[in-house]
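The values are calculated or read from the model by the stated rules, or taken from the named source; none is laboratory data. Small disclaimer: the values here were computed from a predicted structure and weren't measured. Cβ placement follows ideal geometry from the backbone for every residue including glycine, while neighbour counts extend to all protein chains displayed.
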Amino acid sequence: MRKEFCSEFLGTFSMVFIGCIAIKQGYSAPIVSLAFGFAVFLVILTSRRFSGAHINPAVSIAFAISGELDRKLLPVYVIAQLTGALLAAIIIGEYGATEFTITINSGIIIEIFITFILMFGIYLTIWHTNNDAFVAIIVGIIVALLAFYFGQYTGASMNPARTFGPNVVSGNANQIPIYFVSTIIGGIIAAFLSKKLNKSNQA
């Protein structure tokens, strides 16, 4: 349990730190998107063997539903992810908060959609390979592309922890529940679709 906590804490810290540093430096949207994608790639490559490198409560909840994560470990993962993200945000300062530039309803739909795409993309990848490098490359690319195309509308969170840390530090905590609910819904939909497809394949 200590191993999983440390892995998720450090992994989520690294992802938020690298991505939000790019925002703090004033880099363009493509560079910021690449920074988040590269951070995810790096974390998966180095820590997947220890905890699965979820670095995202929506991913951990989805995996708990579909059976890839022992449900007893779910609180450990989520606490590690949220605290890791918060520490990174405290160090960086008031940069990287996610917020909607469109209507709330449209923003919620986008966050549900992109989190679903991310999570289902993860399922499709791990169904075909358990190679850490391949999983890291594919998931990193998915994150970078979704961040690039949808970041201008919602910040492309796809991750409750990614929103939690920067938004708390930036004073935008009122947005956190909306992101939590929408991203978790997206992950849950992917998890139930995954279970349904697995049952169909086993029939």
Give me the residue from the range 120-133 that is touching a helix residue (DSSP H, G or I) at 6+ places or on another chain (Cβ under 7 Å) and of a type outside the set (Ser, Thr, Tyr) and, out of that set, surrounded by the most Cβ atoms within 10 Å (Cβ to Cβ). Ile122
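A quick yes/no check of all residues on (1) within 16 Å of Thr101 (Cα to Cα); (2) at pLDDT 95 or above; (3) within 11 Å of the chain's Cα centre (by Cα):
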{"site": "Ile141", "(1), (2), (3)": "no, yes, no"}
{"site": "Leu145", "(1), (2), (3)": "no, yes, no"}
{"site": "Phe148", "(1), (2), (3)": "yes, yes, no"}
{"site": "Gly151", "(1), (2), (3)": "yes, yes, no"}
{"site": "Gly155", "(1), (2), (3)": "yes, yes, no"}
{"site": "Pro160", "(1), (2), (3)": "no, yes, yes"}
{"site": "Gly165", "(1), (2), (3)": "no, yes, no"}
{"site": "Ile178", "(1), (2), (3)": "yes, yes, no"}
Take the range 176-201 and flag every residue that is more than 22 Å from Ile141 (Cβ to Cβ) and in contact with a helix residue (DSSP H, G or I) (Cβ under 6 Å, 6 or more places away or on another chain). Ile176, Tyr179, Phe180, Ser182, Ile184, Ile185, Lys195
Just one of (1) within 16 Å of the chain's Cα centre (by Cα); (2) among the β-branched types (Val, Ile, Thr); (3) surrounded by fewer than 16 Cβ atoms within 10 Å (Cβ to Cβ) trips up Ile117, so point out which. (3)
Testing Tyr153 on (1) hydroxyl-bearing (Ser, Thr, Tyr); (2) part of a loop (DSSP other than H, G, I, E, B); (3) surrounded by fewer than 23 Cβ atoms within 10 Å (Cβ to Cβ), one condition comes back false. Which one is that? (2)
Taking Ile108 and the conditions (1) of a type in the set (A, V, I, L, M); (2) farther than 18 Å from Phe36 by Cα; (3) buried (at least 17 other Cβ atoms within 10 Å of the Cβ); (4) under 14 Å from the mean Cα position of the chain (by Cα), which numbered condition does it fall short on, given that it satisfies the others? (4)
Going residue by residue through the range 173-186, is there one that turns out to be part of a helix (DSSP H, G or I), touching a residue at least 12 places away in the same chain (Cβ under 8 Å) and within 20 Å of Ala39 (Cα to Cα)? yes
Index of the failed condition, Ile141 passing every other in (1) of a type outside the set (Gly, Ala, Ser); (2) farther than 19 Å from Ser14 by Cα; (3) in a helix (DSSP H, G or I): (2)
Here the qualifying pairs (Cβ atoms under 9 Å; residues six or more apart or on different chains; first in the range 67-92 and under 12 Å from Gly11 (Cα atoms); second surrounded by fewer than 17 Cβ atoms within 10 Å (Cβ to Cβ)) come out as Ala80/Cys6
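Within the range 15-23, is even one residue buried (at least 17 other Cβ atoms within 10 Å of the Cβ) and either without any contact (Cβ under 8 Å) to a residue 40 or more places away in the chain or of a type in the set (D, E, K, R) (or both)? Give the steps one after another, and end with the answer.
Pass one, the range 15-23, residues buried (at least 17 other Cβ atoms within 10 Å of the Cβ): 15-23.
Applying the additional criterion that residues be either without any contact (Cβ under 8 Å) to a residue 40 or more places away in the chain or of a type in the set (D, E, K, R) (or both) yields 18, 22.
Yes, the range 15-23 contains a residue that is buried (at least 17 other Cβ atoms within 10 Å of the Cβ) and either without any contact (Cβ under 8 Å) to a residue 40 or more places away in the chain or of a type in the set (D, E, K, R) (or both).
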